[in-house]
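*Asks:* The structure's right below; bear with me while I get my questions together.
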Amino acid sequence: MREAAFAKQNKDKWLKFESVLRNNIQIDPDELSSLYVEVTDHLSYAQTFYPNSNTANYLNSLSVLAHQKIYKTKRESRNRFITFYTKEFPLFFAKYHKQLVISFVTFLLFSIVGAYSATTDGDFVRLIMGNGYVNMTLANIEKGDPMAVYKKMEALDMFLGITINNIKVALYAFTLGVFLSIGTLAILMRNAVMLGSFQYFFYDKGLLWESARTIWIHGTIEISVIIVAGCAGLVLGNSILFPGTYTRLQSFVRGAKDGIKILISTIPFFIIAGFLEGFVTRHTEMPDWLAILIISGSLSLILFYYVIYPIKLKRKHEQ
């Protein structure tokens with residue numbers, strides 16, 4: 001192949017790779033790896049057939065630049081944790097908003113199903129929550145402290161126990177996605193029905209506001225990131241169902257990697273939710289305005305990080 005034809009055929013890839021390197025543009029790691037492999041292959045080809053040419057020199061400079069960036073990245077590995085949460089993940093997550101919507105709608109729908117079932121069947125709440133829990137809550141209501149369940153354990157023990165349990169639920173929601181997403185949907189449905197029936201139980205006792213202002217102090221973040229974990233499970237399951245141009249195994253590996261990234265993003269939020277449930281929710285005497293402030297602040301944080309910020313980064317990246 002003539003040098004001019006070779007350059008014309010591949011220049012778009014070279015220019016894209018150069019732009020990514022020089023402007024520190026965030027792209028999919030697999031795409032970046034593919035570009036790097038192609039450029040190094042083209043360099044070998046150019047050195048063989050067009051030695052000392054402008055094309056060979058240009059590709060060599062690109063290879064050197066990539067090499068420098070790689071080792072610079074190694075030196076900056078201490079900052080990787082921060083950049084993952086502030087830049088890499090939000091930009092990456094923008095492409096999975098469809099799965100996030102499916103997870104959210106599923107949870108919302110079955111929360112309504114849980115509440116409706118509780119209205120039509122007096123024993124439904126006991127079936128879902130268990131007789132022990134319902135009886136304990138009824139006893140607390142009679143004592144005039146319906147939210148006393150959040151004061152039973154020591155704050156630190158509750159924080160650790162709740163955080164670990166919530167992370168387990170998230171892991172189940174993700175890993176069960178391997179069953180063609182059905183397992184993930186089942187976890188979302190189960191937790192949603194529990195929430196809906198639980199809230200109706202307090203509504204039926206005339207305590208809806210008292211329960212909501214207390215439960216959602218920690219529940220806003222807790223429930224939100226369970227929905228995000230459901231999104232991770234759907235990414236995993238859909239990679240098996242819809243491999244696209246990849247083999248099913250290749251698609252599964254990509255889906256598993258992407259799902260794990262989404263799951264990792266939830267860990268700090270589960271820690272925050274666990275802290276709120278262990279140390280803050282127990283203070284049922286707090287004024288309404290403070291509870292509303294915590295709940296609205298938590299909701300704003302989740303919406304910004306998982307919805308608004310990824311969209312903003314994606315638009316900036318496209319520009």
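*Asks:* Quick one: HIS317 ticks every box in (1) open to solvent by 70 Å² or more (accessible area, probe 1.4 Å); (2) free of Cβ contacts under 8 Å to residues at least 12 places away in the same chain bar one, so which box is it?
*Replies:* (2)
*Asks:* What residue, of ILE102, ILE215, is under 17 Å from ALA232 (Cα atoms) and in a helix (DSSP H, G or I)?
*Replies:* The conditions single out ILE102.
One line per residue, one yes/no per condition, for (1) open to solvent by 50 Å² or more (accessible area, probe 1.4 Å); (2) more than 31 Å from the chain's Cα centre (by Cα):
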{"residue": "GLY122", "(1), (2)": "yes, yes"}
{"residue": "ILE128", "(1), (2)": "yes, no"}
{"residue": "LEU138", "(1), (2)": "no, yes"}
{"residue": "ASP145", "(1), (2)": "no, yes"}
{"residue": "ALA148", "(1), (2)": "no, yes"}
{"residue": "GLY161", "(1), (2)": "no, no"}
{"residue": "ILE164", "(1), (2)": "yes, no"}
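For every residue, the table says whether it meets (1) among the charged types (D, E, K, R); (2) open to solvent by 30 Å² or more (accessible area, probe 1.4 Å); (3) within 21 Å of THR184 (Cβ to Cβ); (4) modelled with pLDDT of 95 or more.
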residue	(1), (2), (3), (4)
HIS218	no, no, no, yes
ILE226	no, no, yes, yes
GLY230	no, no, yes, yes
LEU236	no, no, yes, yes
ALA256	no, no, yes, yes
ILE272	no, yes, no, yes
PHE279	no, yes, no, yes
LEU293	no, yes, no, yes
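*Asks:* Which residue pairs have Cβ atoms under 9 Å apart, sit 6 or more places apart or on different chains, and have a first residue in the stretch 1-14 that is open to solvent by less than 30 Å² (accessible area, probe 1.4 Å) and a second that is hydroxyl-bearing (Ser, Thr, Tyr) and part of a helix (DSSP H, G or I)?
*Replies:* PHE6/TYR45; PHE6/THR55; ALA7/THR55; ALA7/TYR58; TRP14/TYR58
*Asks:* Report the residue count in the stretch 166-211 for those that are open to solvent by less than 30 Å² (accessible area, probe 1.4 Å) and assigned to a loop (DSSP other than H, G, I, E, B).
*Replies:* Residues that pass the stated criteria total 1.
*Asks:* Still on this structure, I have one more. Is it fair to say ASP157 is under 24 Å from TYR116 (Cα atoms) and either open to solvent by 20 Å² or more (accessible area, probe 1.4 Å) or in contact (Cβ under 8 Å) with a residue 40 or more places away in the chain (or both)?
*Replies:* Answer is no for this residue.
*Asks:* Further question on the same structure: Suppose the filter is within 24 Å of ASP121 (Cα to Cα) and in contact (Cβ under 8 Å) with a residue 40 or more places away in the chain; does PHE269 pass it?
*Replies:* Answer is no for this residue.
*Asks:* Considering each residue of the stretch 15-33, count those that are closer than 19 Å to TYR246 by Cβ, open to solvent by less than 60 Å² (accessible area, probe 1.4 Å) and in a helix (DSSP H, G or I), and give that number.
*Replies:* Residues flagged as closer than 19 Å to TYR246 by Cβ, open to solvent by less than 60 Å² (accessible area, probe 1.4 Å) and in a helix (DSSP H, G or I) within the stretch 15-33 amount to 0.
The values are calculated or read from the model by the stated rules, or taken from the named source; none is laboratory data. As the structure is a prediction and not an experimental result, all values here were calculated from the model. FYI the Cβ positions are ideal-geometry reconstructions off the backbone, even for glycines, and counts take in every protein chain you see. Each accessible area value is taken on the protein alone, full model and side chains, heavy atoms only, with ligands, DNA and RNA left out. Shrake-Rupley method; radii C 1.70, N 1.55, O 1.52, S 1.80 Å.
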